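K.L.:
Have a look at this one before I ask anything.
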Amino acid sequence: MHVRHLALTDFRSWARVEIDLEPGRTVFVGSNGYGKTNLIEALWYSATLGSHRVASDAPLVRAGADRAVVSTIVVNEGRELAVDLDITSGRANKARLNRSPVRSAREILGVLRAVLFAPEDLSLVRGDPSERRRYLDELATTRRPRIAAVRADYDKVVRQRTALLKTAAAGRYRGDRGALETLDVWDGYLAAHGAQLVAARVELVNELAPEVEKAYQLLAPTSRPATIRYRSGVEVVEKEAAAGNGDVEVFEAALLDALSRRREAELERGVCLVGPHRDDLELRLGEQVAKGFASHGESWSVALALRLAAYELLRAEGGDPVLLLDDVFAELDSARREALAQVAASAEQVLVTAAVDEDIPADWDVRRIQITMRDDDDAGRISEVQ
């Protein structure tokens, strides 16, 4: 798989840019602030419908513009697919596949399969559980695009149920039990959608675990072994996950039971205390949790191991995913640079950003695209292709 063409309109700093791409290794070289990372971000957005830098779409639309457009042509086993995404802040995105509109932007998921390495990856180890949940959900969706709908439905249920909890708590003091009765219905919705999401995550963690262990051993052969584990506030869910079981019905029953038991606490606090939105991916080095105990180098190795494991899973399912490397070589020591370069050596397409030529492995045969700053505004421009 490779991206043959990328076009952006009013995306971040780019008013308009078009780039023809090729299989092999391509490096975007330019000083910080010139817009090279925006190119990688646009490709990642086309693959996942999300940014690796911001949580909302608003910053993606160029200042003064109403919308941004990301267009890609992806080649997979000789077949070309064109994807166009219209990004409008505060509104649902619109998408076209081979120039024909689709009902939901989620229908383009799976056209471009990619794995991203970026400086932000350190938050997978040191950040909040939401970072690790997002890692799991993005990878699960890349492998099984239908998970995007499951995730969207679950998020909607959590929002509506949270609002109902606040209403029910207020109504209880007035003797109005209508909201409480409605809450029982929403408990069922949360358990049903949540069980599907948990099952997808557990299946993924079970397949990721040996790959993470192998990747970390490659990156840090003298360090403690790395392990991962799905953690849940629902005891039955965690027990079943640890045993490698992913029965949706078991998870649904466990969530329903936990919701019943935590009802009073939820009403008091006005938030959903049960469900996969509160779960975590535990990362361990030896007997210690990586977060808070791993050194800077160990943390980078764990983060890279998670990405390398994702790459190996996708590759094993057929076809190399596109590798997106955003300024990561500058962050790594020589051993980790070499390990990442080895993986990139066999990939069908690798797209890299670097501030200076010295950040590119010396023995790489690359196509080099220089990005410079235009004189008339703050946008970058493609000035040279080698």
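K.L.:
Peptides 260-266, 1-7: what's the order by average Cβ count within 10 Å, highest mean first?
P.N.:
So the peptides 260-266, 1-7, ranked by packing, come out 1-7, 260-266.
K.L.:
Okay, helix-only estimate at 222 nm for the chain: each DSSP H run of n ≥ 4 adds -39500 (n - 2.57), divide by all residues, round to 500 deg cm²/dmol; what do you get?
P.N.:
Helix contribution divided over all residues of the chain: -14000 deg cm²/dmol.
K.L.:
Same structure again: To make sure I understand the rule: partners must be aspartates and glutamates, Cα under 12 Å from the Cα of Lys214, and not fewer than 8 residues away in the same chain. Which ones qualify?
P.N.:
Glu312
K.L.:
Where the centroid of each part is defined by its Cα atoms, how far is the stretch 3-17 from the stretch 173-249 in Å?
P.N.:
A separation of 37 Å, based on Cα centres.
K.L.:
Report the calculated FRET efficiency for Glu358 and Arg159 (r = Cβ-Cβ distance, R0 = 51 Å), to the nearest 0.05.
P.N.:
Working: r = 47 Å, r/R0 = 0.93.
The computed FRET efficiency comes out at 0.60.
K.L.:
Here's another thing I want to ask about it. Between beta-carbons, use under 10 Å as the cut-off and find the net charge around His5, counting Lys and Arg +1, Asp and Glu -1.
P.N.:
Once all neighbours under 10 Å are counted, the net charge is -2.
K.L.:
Let me ask you something else. Fully extended, how many nm does the chain gain between Glu317 and Arg261 (0.36 nm per residue separation, minus their Cα-Cα distance)? Don't skip to the answer; put the middle values down first.
P.N.:
On the way: separation 56, 0.36 × 56 = 20.16 nm, distance 4.09 nm.
My answer for the length gained is 16.1 nm.
K.L.:
Tell me, what HN-Hα J-couplings in whole Hz come from the Karplus equation 6.51 cos²θ - 1.76 cosθ + 1.60 at θ = phi - 60° for each residue of the stretch 95-112, using x for Gly and Pro?
P.N.:
So the Karplus estimates, Gly and Pro as x, are 9, 10, 10, 6, 6, 9, x, 10, 5, 9, 4, 4, 5, 8, 4, x, 5, 10 Hz.
K.L.:
Could you please tell me the mean projected area of the C-alpha convex hull for the stretch 288-358, averaged over all directions and given in square nanometres to one decimal?
P.N.:
Result: 5.6 nm².
K.L.:
Would you please name the GluC sites (Glu not before Pro) within the stretch 296-354 that are DSSP coil residues with at most 15 other C-beta atoms within 10 Å of their C-beta?
P.N.:
Values: sites: Glu298, Glu312, Glu317, Glu331, Glu338, Glu348; in loops: Glu317, Glu348.
Hits after loop and neighbour filter: Glu317.
K.L.:
Can you list, bin by bin at 10 Å, the percent of alpha carbon pairs in the chain, starting at 0?
P.N.:
It works out to 5, 21, 29, 25, 14, 5, 1, 0, in whole percents.
K.L.:
Tell me the net charge near Glu107. Cut-off is 13 Å between Cβ atoms, Glu107 excluded, with +1 for each Lys or Arg and -1 for each Asp or Glu.
P.N.:
Working: positive: Lys94, Arg96, Arg103, Arg106, Arg146; negative: Asp84.
Here the charged neighbours net out to +4.
K.L.:
Could you work out how far apart the two model spin labels at Ala242 and Lys166 are, taking each label as a point 7 Å from the Cα in the direction of the beta carbon, and quote it in nm?
P.N.:
3.7
K.L.:
Rounded to a whole number, what % of the accessible area of the chain do carbon and sulfur atoms account for, probe 1.4 Å?
P.N.:
Answer for the chain is 46 percent, counting heavy atoms of protein chains only.
K.L.:
Which order do the peptides 355-365, 24-34, 138-148 take when ranked by the mean count of other beta-carbon atoms within 10 Å per residue, highest first? The partial results should precede the final answer.
P.N.:
Working: 355-365: 12.2, 24-34: 18.5, 138-148: 20.3.
In descending order of packing, they fall as 138-148, 24-34, 355-365.
The values are calculated or read from the model by the stated rules, or taken from the named source; none is laboratory data. Since the structure is predicted, the reported quantities are computational estimates derived from the model, not experimental observations. Virtual Cβ from ideal backbone geometry, glycine too; neighbours counted across all protein chains shown. Just so you know, the surface numbers come from the protein's heavy atoms only, side chains and all, with ligands and any DNA or RNA stripped out. Shrake-Rupley method; radii C 1.70, N 1.55, O 1.52, S 1.80 Å.
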